[in-house]
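Below is one structure; the comments refer to it alone.
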Amino acid sequence: MNKYNFINVNQQKTSYNMKKIFYFIILFIASNSSFGQVLQKYSGPFGLENIVDQNAVATYSYIDDTANYKRVKNGLFSLVFKGTGAYSFLGNATATGNYKDNLKTGKWVIQLNYNNLNAGDFYVSGTKMLVCNYKNGELDGEFLYSSNLTTRTKIYDYKLRKYTFSKPSLPETKKIVASFDKGVLVGNYTYNFNDQAHKSIYSIVASLDSDSILKDKYIENGDGSEYIVEYKNGFRIRTIDKNLQTGDAKITVNEEFAEEDSKFSEFLKAKITTPDLEESSYNIRYFNGNGNGYDRLNEAINTNSDLFIFLNIGGDLTMERIKERGLLAFQTRTFSR
């Protein structure tokens, strides 16, 4: 090997060592810049919305966002609330799920255990449970709500000189099976209600398209009658009110359907070529007889809104999405006439 080759080899070694030092410096800088991003754990009191004088206990992992002075939840989150005093009716309320960058993700389970909840003239005991899935903070995937409740009255016993409870009623059960896509209700929807005490069974079966618009048939069944609404493009074609005891059926045809559906189709075609086309003040809610199935679906879901007592946990964008897309957006949809 001549001296020139030797010099070349030394130069290559020097260059290689310099690269190693350079990468080490970059790695050192990167590790120091992320020093404040270490995953930390919190376990302790957690204030709940609408509960003023007591806390739940929560456990979760988080990263400190030093720029915005916020905690960014990541990983498993669990919460337990045991009510006392005015909130003793919540014997044991729990919420468990996961976060990713402060947004709910994956499977979440919320359960409320009522212990003599004062509901006016009677008291409610039992369990409500919601099992649902999230993606990027929006309900996405299977949604299952169930409840099993009993009621009893409270009367004053003059002999004992104190209030006593009656025996619990037979169970009243509810179940909702649905699916969500990016925060809105889509696909098949079923709602079943069984009030054993009053021997009442009630159900809803519906189907919604990818824009959360009712399609085909919406069917209510209960108390000896069946109520059917036929839809196309979210518009009511006709309603059928059937008496399951006598076999009689009353059919009401929406005579304006063809005209209004045609106008809506023309509007959709125009939107393809002119995306910014302004819409008129026409409200589909009025045309559809105050919403019909839409109102009933909303009512069925909203009766379970107390399950979202834990919404202030954060990370749920569902309601924001519903305002832009889905049932609520459809009810207030407008288009050129």
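The values are calculated or read from the model by the stated rules, or taken from the named source; none is laboratory data. All figures in this text were calculated on a predicted structure; none of them were measured in a lab. Positions of Cβ are backbone-derived with ideal geometry, glycine not excepted, and every protein chain shown enters the neighbour counts. These area figures cover heavy atoms from the full protein model, side chains too; ligands, DNA and RNA do not enter into them. Shrake-Rupley method; radii C 1.70, N 1.55, O 1.52, S 1.80 Å.
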Stretched fully, the stretch from residue 66 through residue 253 gains (0.36 nm per residue minus C-alpha distance, one decimal, in nm) 61.2 nm
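Looking at this model, which pairs from 100/182; 82/107; 167/199; 41/174; 41/175 are more than 26 angstrom apart at the alpha-carbon?
Violating the 26 Å limit, Cα to Cα: 41/174; 41/175.
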Interchain or long-range residues, amide H under 5 Å from residue 237's placed H: 230, 231, 232
So, in nm, how far is label residue 119 from label residue 101 when the simple model puts each one 7 Å beyond its Cα toward the Cβ? 4.2 nm
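Per residue, how many Å² of accessible area does segment 140-232 show with a 1.4 Å probe?
Values: 5300 Å² over 93 residues.
Spelled out: the 1.4 Å probe surface of segment 140-232, per residue, equals 57 Å².
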Give the long-range amide H neighbours of residue 170: residues separated by 5 or more places, or on another chain, with amide H under 5 Å away, using H modelled in the peptide plane at 1.01 Å from N. 197
Which order do you get for 252, 318 if you rank them by accessible area with a 1.4 Å probe, largest at the top? 252, 318
So if R0 is 22 Å, what FRET efficiency would residue 152 and residue 199 give, r being the distance between their Cβ atoms, rounded to the nearest 0.05? 0.75
